[in-house]
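See structure below.
The values are calculated or read from the model by the stated rules, or taken from the named source; none is laboratory data. These numbers were taken from a predicted model, which means no experiment stands behind them. Cβ placement follows ideal geometry from the backbone for every residue including glycine, while neighbour counts extend to all protein chains displayed.
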Amino acid sequence: MVFSRSRADEPGSGRVSGARTLESPRWQLASLASAALRRFDAELDAFLVAESLRPVQAQAGFTVLPNYGFSDAPDMDAFLIPGGFGLRQEINNGRLHDFIRALPEKTLLTSVCTGSWIYARMGLLDGKAATNRKEPDRLEASNMGKVPIERLAEIAPKVRVSRARVVDSGRLISAGGIASGMEMGFHLLRRAGYDKSFIGEVARVMEYKAAYELYRDDIEYDG
């Protein structure tokens, strides 16, 4: 449930749409920034995409129904891959890779947390800056695991690993740990052409104003 606007569009000019994949269904926090937005601009739209229209069992235990399957090829301005434990089994999912490669150039490719591993595996981050979750859980911190941002460098040795909260590399935009999905949502509003006052008002109504001001400038632009 993340959105953006095509660079050719202007706020107020038409429907703004975006999608997130459910192949790795940790989407709760990363969805919050978009969930409140339609009260500010009815043109903002968000929907969920999965490999098929079958229900997806989320990591938290509830069931999520996708709006579209890959074969529907819905039009969107941004596509987001979240993180989560389930993402690990999707890194080599050729059908997901094919879906991403078939998206038009106007569609931003975005990720939160370990979601950038997918783009890394596909080679889309080679020569670009990207980020990932920087704080390990207990298993990742042990000798049996690895910090996600370090695994990003392992998956894609040609990526320039950044520790910024959000990294904008043009068409590809990545955000760090789970809660940075909020900053991803705000940044996509910037990319869509919304001004600072609009984004600040969204943060205020969401009672996220203090955190928004703290993280607002923690963005690296690459190219």
Among residues of segment 91-106 being under 18 Å from Leu188 (Cα atoms) and touching a residue at least 60 places away in the same chain (Cβ under 8 Å), the residue surrounded by the fewest Cβ atoms within 10 Å (Cβ to Cβ) is Glu105
Residue pairs within 8 Å by beta carbon, gap of at least six or interchain, first lying in segment 133-146 and surrounded by 14 or more Cβ atoms within 10 Å (Cβ to Cβ), second among the hydroxyl-bearing types (Ser, Thr, Tyr), listed first then second, are Arg133/Thr114
Log entry, pairs with first residue in segment 183-208 being within 22 Å of Asn132 (Cβ to Cβ), second being in a loop (DSSP other than H, G, I, E, B), beta carbons closer than 7 Å, six or more apart or on different chains, reads Glu183/Arg165; Met184/Val2; Gly185/Val2; Leu188/Val2; Leu188/Phe3; Leu188/Ser4; Arg191/Ser4
Within segment 209-223, restricting to residues that are free of Cβ contacts under 8 Å to residues at least 60 places away in the same chain and acidic (Asp, Glu), the one that is surrounded by the most Cβ atoms within 10 Å (Cβ to Cβ) is Asp218
Among (1) of a type outside the set (Ser, Thr, Tyr); (2) closer than 26 Å to Tyr212 by Cβ; (3) in a loop (DSSP other than H, G, I, E, B); (4) modelled with pLDDT under 80, Gly14 falls short only on (2)
The residue from Gly84, Gly61 that alone is crowded, with 16+ Cβ neighbours inside 10 Å and at pLDDT below 90 is Gly84
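Do you know which residues across segment 49-58 are surrounded by fewer than 16 Cβ atoms within 10 Å (Cβ to Cβ) and of a type in the set (A, V, I, L, M)?
Within segment 49-58, just Leu53 meets the criteria.
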Sole miss for Leu44 among (1) more than 24 Å from Gly170 (Cα to Cα); (2) touching a helix residue (DSSP H, G or I) at 6+ places or on another chain (Cβ under 6 Å); (3) not β-branched (Val, Ile, Thr) is condition (1)
Checking Ser111, Ser116 in turn, the sole residue that is out of contact with any Phe, Trp or Tyr (no Cβ under 7 Å at 6 or more places or on another chain) and of a type in the set (Ser, Thr, Tyr) turns out to be Ser116
Of those in segment 169-186 that are more than 10 Å from the chain's Cα centre (by Cα) and within 17 Å of Gly127 (Cα to Cα), the residue surrounded by the most Cβ atoms within 10 Å (Cβ to Cβ) is Ser169
The residue that is nearest to the chain's Cα centre (by Cα), considering only those in segment 147-165 that are in contact (Cβ under 8 Å) with a residue 40 or more places away in the chain and part of a helix (DSSP H, G or I), is Pro148
